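> Before I ask anything, let me first share the structure, which is written out below as structure tokens.
The values are calculated or read from the model by the stated rules, or taken from the named source; none is laboratory data. As the structure is a prediction and not an experimental result, all values here were calculated from the model. Because the Cβ atoms are built from the backbone with ideal geometry, glycine has one as well, and the counts that use them run over all protein chains shown. All accessible areas refer to the heavy atoms of the entire protein, side chains included, with ligands and DNA or RNA removed. Shrake-Rupley method; radii C 1.70, N 1.55, O 1.52, S 1.80 Å.
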Amino acid sequence: GLGSQGHGVLISGNSSNITLQGVSVRWKVQPSGRSQGDGIRVLGVANVRTGGGPSNISIIDGQVVGAAQAGVIFMGVQDIIVRNLTVRDTLADGLHLNACRRITVDRLTSINTGDDGLAFVTYFQPEAPGALSPFGPFSSPNHTYSNDCEATLTNIFISGGSADGIRLAGATNVSIDGVQIVAKPIGVQIDSAVAGGQIGW
């Protein structure tokens, strides 16, 4: 079978001030195909400025191995800290952020991921943010608070797997320092795109 349709850890709703310290999520059997099973999934709202979704969420000294989808994914969340996270052998991205605000990532190790090692992706749609689905991924009609914005990324190590080491798609105000990317088809990709791959936003 494809493996898991569930998530190791799911945070959603109007929740705040949550720290996952030393959490390890490991698939007992490596999934045979990509499906909706994230190691850690934090689901918020399309417009983080209006509130109502998770905020002040931290992952400290974490590990995800063998996820059927992303290792860790944040969608529509603000005030995020990820510090000393290791992700291995996922079938999608290692760490993925969509439509998030005020993000700190320090000491990320992403190894042999099926997609990007680290991805900040908010696709363009001309409708209001989140018009496609209340459950994400969220889209954006502009390059402001609806995108991944106000982020600092430091001490990133990415090795092996498919796609990009780091992808910034529709992101704004992102600072990156201390990056090593090995054996990825593309080291860093910066673009703005419509869902489905059209570049040119």
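> Can you classify the stretch 1-91 as rounded, prolate or oblate using the Cα gyration tensor, where a ≥ b ≥ c are the square roots of its eigenvalues, rounded means a/c under 1.5, and otherwise it's prolate if a/b beats b/c and oblate if not? Don't skip to the end; give the middle numbers.
Details: a/c = 2.70, a/b = 1.59, b/c = 1.69.
The shape class here is oblate.
> At a 1.4 Å probe radius, carbon and sulfur cover how many percent of the accessible area of the chain?
49
> Let me ask something additional. Between Ser175 and Ala195, what length comes free when the chain is fully extended (0.36 nm per residue of separation minus the Cα-Cα distance, one decimal in nm)?
Here the answer is 4.8 nm.
> Same structure, new question: Identify which of the listed values of P(r) over Cα pairs in 5 Å bins from 0, in percent was calculated from the structure shown: [x] 1, 7, 11, 12, 12, 10, 9, 8, 7, 6, 6, 5, 3, 2, 1, 1, 0, 0; [y] 2, 9, 17, 22, 22, 18, 9, 2, 0; [z] 1, 7, 14, 19, 19, 16, 11, 6, 4, 2, 1, 0.
[y]
> Another one. Per residue, how many Å² of accessible area does the chain show with a 1.4 Å probe?
42
> Per-residue counts of other Cβ atoms within 10 Å, averaged by peptide: what ranking do you get for 25-33, 155-163, 109-117, highest first?
So the order, starting with the most tightly packed, is 109-117, 155-163, 25-33.
> Follow-up. Between the stretch 134-178 and the stretch 29-83, how far is it from one alpha carbon centroid to the other, in angstrom?
13
> Something else about it: Cβ neighbours within 10 Å, averaged per peptide: list 89-101, 7-19, 69-81 in order, most packed at the top.
Result, highest mean Cβ count within 10 Å first: 89-101, 69-81, 7-19.
> What nm distance separates the two modelled labels at Thr144 and Thr50, each placed 7 Å from Cα along Cα→Cβ?
1.4
> What spacing in nm lies between the two simple spin-label points modelled at Val9 and Val182, each 7 Å away from Cα in the Cβ direction?
Result: 2.7 nm between the two label points.
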